[in-house]
1. When the stretch 76-133 is examined, which residues are found to be among the small types (Gly, Ala, Ser), under 19 Å from the mean Cα position of the chain (by Cα) and more than 16 Å from Ala54 (Cα to Cα)?
2. Can you pull out every residue in the stretch 18-39 that is of a type in the set (Gly, Ala, Ser) and in contact with an Asp or Glu (Cβ under 7 Å, 6 or more places away or on another chain)?
3. For Gln84, only one of the following conditions fails: (1) more than 15 Å from Lys1 (Cβ to Cβ); (2) part of a helix (DSSP H, G or I). What is its number?
4. For Val110, state whether it is open to solvent by 40 Å² or more (accessible area, probe 1.4 Å), of a type in the set (Val, Ile, Thr), at pLDDT below 95 and not in a loop (DSSP other than H, G, I, E, B).
5. Taking the criterion of being more than 15 Å from Lys112 (Cα to Cα) and in contact with a Ser or Thr (Cβ under 8 Å, 6 or more places away or on another chain), would at least one residue in the stretch 74-85 satisfy it?
6. Consider the stretch 32-49. How many of its residues are open to solvent by 90 Å² or more (accessible area, probe 1.4 Å) and assigned to a helix (DSSP H, G or I)?
7. If Leu24 passes every condition in (1) open to solvent by less than 80 Å² (accessible area, probe 1.4 Å); (2) touching a residue at least 24 places away in the same chain (Cβ under 8 Å); (3) assigned to a helix (DSSP H, G or I) but one, which one does it miss?
8. Open to solvent by less than 50 Å² (accessible area, probe 1.4 Å) and part of a helix (DSSP H, G or I): which single residue out of Ser115, Ser52 fits that description?
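The values are calculated or read from the model by the stated rules, or taken from the named source; none is laboratory data. None of these values were measured; they are calculated from a predicted model. Here the Cβ positions follow ideal geometry from the backbone for every residue, glycine too, while neighbour counts run over all protein chains shown. Protein only, heavy atoms only, side chains kept; ligands, DNA and RNA dropped before computing areas. Shrake-Rupley method; radii C 1.70, N 1.55, O 1.52, S 1.80 Å.
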Amino acid sequence: KAIQDIIPVVERSVQIACVTARQLVMKDFAIERDHNTIRKAAHQMVRRLTSSLALVTCKEPLRVSISNNLASRLEETLSAMDTQPPDRSMLEHACVQVSNDNLELGCKLVEKAASDRAVYDIDEILAGFYLRK
């Protein structure tokens, strides 16, 4: 759920990386005749750009989203039980700790998904450029 919450932020990173990669590939490979070389370079470029942008833009929103989603789920679960609820500060501390512990994994998942999406998008964007070669 936390990763789904930050998809719009990551989508913007994919768009920026694709536009940038398209411009660079079309400039740097204008005289290259082998479309496979161009395609491979475009994939590498867009993957790196997307990974970096996604990591920078998703880290803090993902941390907040994980913490908020966990807190709401814990509150729902604890309120359904017939026990006395724990101290609010203890609950917040646990949510922050869990979100910090899982942030790197979440970022890697976001980076991978964004990079895969960007490769697909750059192939669509550069399809005409590949065909002319």
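1. Just the residues of the stretch 76-133 that are among the small types (Gly, Ala, Ser), to begin with: 79-80, 89, 94, 99, 106, 113-115, 118, 127-128.
Next cut, under 19 Å from the mean Cα position of the chain (by Cα) only: 99, 106, 113-115, 118.
The one that is among the small types (Gly, Ala, Ser), under 19 Å from the mean Cα position of the chain (by Cα) and more than 16 Å from Ala54 (Cα to Cα): Ser99.
2. Taking the stretch 18-39 as the starting set, the residues that turn out to be of a type in the set (Gly, Ala, Ser) are 21, 30.
Residues satisfying the conditions do not exist here.
3. (2)
4. Judged against the criteria, Val110 is not a match.
5. yes
6. So the count comes out to 6.
7. Leu24 satisfies all of (1) open to solvent by less than 80 Å² (accessible area, probe 1.4 Å); (2) touching a residue at least 24 places away in the same chain (Cβ under 8 Å); (3) assigned to a helix (DSSP H, G or I) except (2).
8. Details: Ser52 fails: open to solvent by less than 50 Å² (accessible area, probe 1.4 Å).
Step by step, each of Ser115, Ser52 is checked, and only Ser115 is open to solvent by less than 50 Å² (accessible area, probe 1.4 Å) and part of a helix (DSSP H, G or I).
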